[in-house]
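A.B. asks: I'd like to ask you about the structure that follows.
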Amino acid sequence: MAGPARRRTVLFLFAFALAAAAAAWGAWWQLVGRNFESTENAYVAGNLVQVTPQVAGTVVSISADDTDRVKAGQVLVRLDMADAQVALDQAEAQLAQAVRESRTLYANNSTLEAGIAVRQSELTRAEEDYARRVLLAEKGMTSKETLGNAAAAVATARAALAEARERLASNRTLTDRTTVEQHPNVRRAAGRVREALLALRRVEIAAPVGGYVAKRSVQVGQRVSPGAPLLAIVPLDQLWVDANFKEVQLRHMRIGQPVRLVADMYGDQVEYRGRVAGLAAGTGGAFALLPPQNATGNWIKVVQRLPVRIALDARQLEEHPLRIGLSMRAEVEVRDSSGQHLAAAPRAGTAYSVAAPEAPSDEADARVRAIIAANLGAARGGR
């Protein structure tokens, strides 16, 4: 009898322990477990800033390689500057020529005005001669042929005067309400000087942001064209995590919810704190190069995953740097589901930006002024 009673006792205790474990698990799920959604399908992502040339040229030196840390503005690649220097010299010569040609236009105004005065004097003499011959003709002291020649001389003088005035008016249309320095031809040539100087400065290709060099493909001696990728820079202070959650896990997920993350690189010893920054507008399959075709007869339902972007704490990234592509484990606390599924308003301000290289405007202006002054001479404007 002791044997069956002992077995019943053991079975009772086992059933009681199993029931207690189930009750404990149920209580944990109700109080804690259901407030979290987790996934191991999460990876570190970040910006990959491409470094590209803005002018064509031949690479003569490379100052950084993969894994090197660079600062914003640091020169990474240099191109042969011979072609750019020749283009600048030609542009400066064209500016000097434009200034001298503009001076000629203004000088022609004075010449043409003097020519009008001469033609006016000739017309006055011709008219006086004609008037005298008319009086002589009335007295019968000159022939009709002589009188006709005098009239023809007056007509010729008037035509010459009209032509001189037209030439002056035509020349003044090129010089009115402007000076040599501000003449359109001079300004166009000055713009070419500035453009050539900018191209000369762009033979030095600088880092647009600070970070670490990756994907260097440029080689010394290579002929590069504008826009061709030379290398990339990864700013490791601008990283985030793309966590791919199953669609059934998104019911209570909202923007702004706290996230705990663990990187396989550091293990459980380092825990990152983040927040849900946004949910993607489509699943990974919808944006794939070859989206799945579900309108088929042998369709099988596959649970889809939606990328969720998680923003990381900048100080933790500085203490424990991550790398793009590393695996992460993400656990989102969905207890507070009062937030938004999608962003309700456009982003305020700029998401990312780089400091554009400063154009050599002061240097270019100084060069232009010096060339104009050297070729301007005593003539400094129109009348």
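The values are calculated or read from the model by the stated rules, or taken from the named source; none is laboratory data. Remember, it's a predicted structure, so these values are computed and weren't measured experimentally. Neighbour counts run over all protein chains shown; Cβ positions are idealised from the backbone, glycine included.
A.B. asks: Only one of Gly221, Gly227 is within 16 Å of the chain's Cα centre (by Cα), assigned to a loop (DSSP other than H, G, I, E, B), in contact (Cβ under 8 Å) with a residue 12 or more places away in the chain and at positive phi. Can you tell me which?
C.D. replies: Working: Gly221 fails: within 16 Å of the chain's Cα centre (by Cα).
After ruling out the rest, the residue left standing is Gly227.
A.B. asks: If you take the residues in segment 258-309 that are assigned to a strand (DSSP E or B) and of a type in the set (D, E, K, R), which one is surrounded by the most Cβ atoms within 10 Å (Cβ to Cβ)? Spell out the reasoning first.
C.D. replies: Within segment 258-309, the subset assigned to a strand (DSSP E or B) is 258-263, 271-279, 305-309.
From what is left, the residues that are of a type in the set (D, E, K, R) are 260, 271, 273, 275, 305, 309.
On the way: Arg260: 15, Glu271: 15, Arg273: 12, Arg275: 15, Arg305: 19, Arg309: 17.
Result: Arg305.
A.B. asks: Which residues, counting only those in segment 310-353, are more than 23 Å from Gly256 (Cβ to Cβ) and in contact with a strand residue (DSSP E or B) (Cβ under 7 Å, 6 or more places away or on another chain)?
C.D. replies: Residues satisfying the conditions are Arg323, Ile324, Gly325, Leu326, Ser327.
A.B. asks: Among the residues of segment 176-191, write down those that are touching a residue at least 24 places away in the same chain (Cβ under 8 Å), surrounded by fewer than 18 Cβ atoms within 10 Å (Cβ to Cβ) and part of a helix (DSSP H, G or I).
C.D. replies: Asn185, Arg188
A.B. asks: Looking only at segment 353-375, filter to residues that are exposed (fewer than 12 other Cβ atoms within 10 Å of the Cβ) and over 12 Å from Pro208 (Cα atoms); which one of those is modelled with the lowest pLDDT?
C.D. replies: This residue is Ser361.
A.B. asks: Residues in segment 23-37: is at least one among the β-branched types (Val, Ile, Thr) and either in contact with a helix residue (DSSP H, G or I) (Cβ under 6 Å, 6 or more places away or on another chain) or modelled with pLDDT of 75 or more (or both)? Working first, answer last.
C.D. replies: Pass one, segment 23-37, residues among the β-branched types (Val, Ile, Thr): 32.
After this cut, where a residue has to be either in contact with a helix residue (DSSP H, G or I) (Cβ under 6 Å, 6 or more places away or on another chain) or modelled with pLDDT of 75 or more (or both) as well, the list is none.
Within segment 23-37, none of the residues are among the β-branched types (Val, Ile, Thr) and either in contact with a helix residue (DSSP H, G or I) (Cβ under 6 Å, 6 or more places away or on another chain) or modelled with pLDDT of 75 or more (or both).
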